[in-house]
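First the structure, in the form of structure tokens, and then the observations on it.
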Amino acid sequence: MKRILGAVKLDLMSVKGSLKIGLLFLFIPSFIGIVQQQPLLTLGIALLLTSVMCGIVFQVHEKNHLAKLYAVLPLRKSEMIAGRYIYALLLMCVNLGTGTILSFIVSRITGTGIEWLSFWTVLAIGFVYCCFMVSVGFPLYLCFEYQKAYAAANIPMFLVAMAAIVLGKNVHVSGETIRFFYDHIALLPLFGAALGLALLCVSMMISNGVYKYKEL
């Protein structure tokens, strides 16, 4: 476990400069939320940006040839991969917290209230979406060059967006379902966390298989 945490620390140190710039971009959702007077839009866009920020580590490693450094470190490939996923999870949690704070600030500025069922729904769906994008992208980043992997990893994003638009127009949520989640609102973050973490675990196993295949 100590070596995995060391891998996380190396990833964070290698992208420190890029992440500082990325965090500044989180103020863009704040501006959009203020203009549209929709605090939850701020949270949703902040979570969307997270999936892009998670892949920066692969770009930095490829640009600076850091694979050579990892090759001489007492670090197993599986430990490096586990550290990379923990790094992504930490980044998601930080952006989730930051996006939540910003959405409440936007709420105060615009005088627009935040409805709790909608808040937890956006939070759960946003977390699952980020985990899905990381789960799709990380095996690709390990297998291909960053630019090719980035292009391929964005295809699911557009497919999910199109599916969400279609479902939003054609699927009607019954009043009983809404009342159920009102009465059991804690289930939303639990479902979101469980599904998101399950996606990351499956993806990590795929990434390990991809890395072993590359070495053959």
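Laboratory data are not the source of any read-out in this text; all were calculated from the coordinates shown. Predicted model only: the values in this text are computed from it and were never measured. With ideal geometry, Cβ positions are generated from the backbone for all residues, glycine too; neighbour counts draw on all protein chains shown.
Once the piece of chain linking Ala186 and Ile155 is laid out straight, how much longer is it, given 0.36 nm per residue of separation minus the C-alpha distance between them?
Details: separation 31, 0.36 × 31 = 11.16 nm, distance 3.20 nm.
Residue separation times 0.36 nm, minus the Cα-Cα distance, leaves 8.0 nm.
Which residues among the stretch 31-61 fall inside the zone where the amide N is under 14 Å from a point 7 Å beyond the Cα of Ile114, along Cα→Cβ?
Only 33-34, 38-47 fall inside the zone, counting backbone N under 14 Å.
Using a simple spin-label model with points 7 Å from Cα along the Cα→Cβ vector, what separation in nm is obtained for Leu197 and Arg3?
Label-label distance for Leu197 and Arg3, simple model: 2.5 nm.
I need Glu115, Glu62 ordered by Cβ neighbour count within 10 Å, fewest first. Could the numbers behind the result be given before it?
Working: Glu115 10, Glu62 15.
Going from least to most buried by this count: Glu115, Glu62.
Met13 to Met162: FRET efficiency via 1/(1 + (r/R0)^6), r the Cβ-Cβ distance, R0 30 Å, to the nearest 0.05? Mind dumping the intermediate values first?
Details: r = 38 Å, r/R0 = 1.26.
Once the sixth-power term is evaluated, E becomes 0.20.
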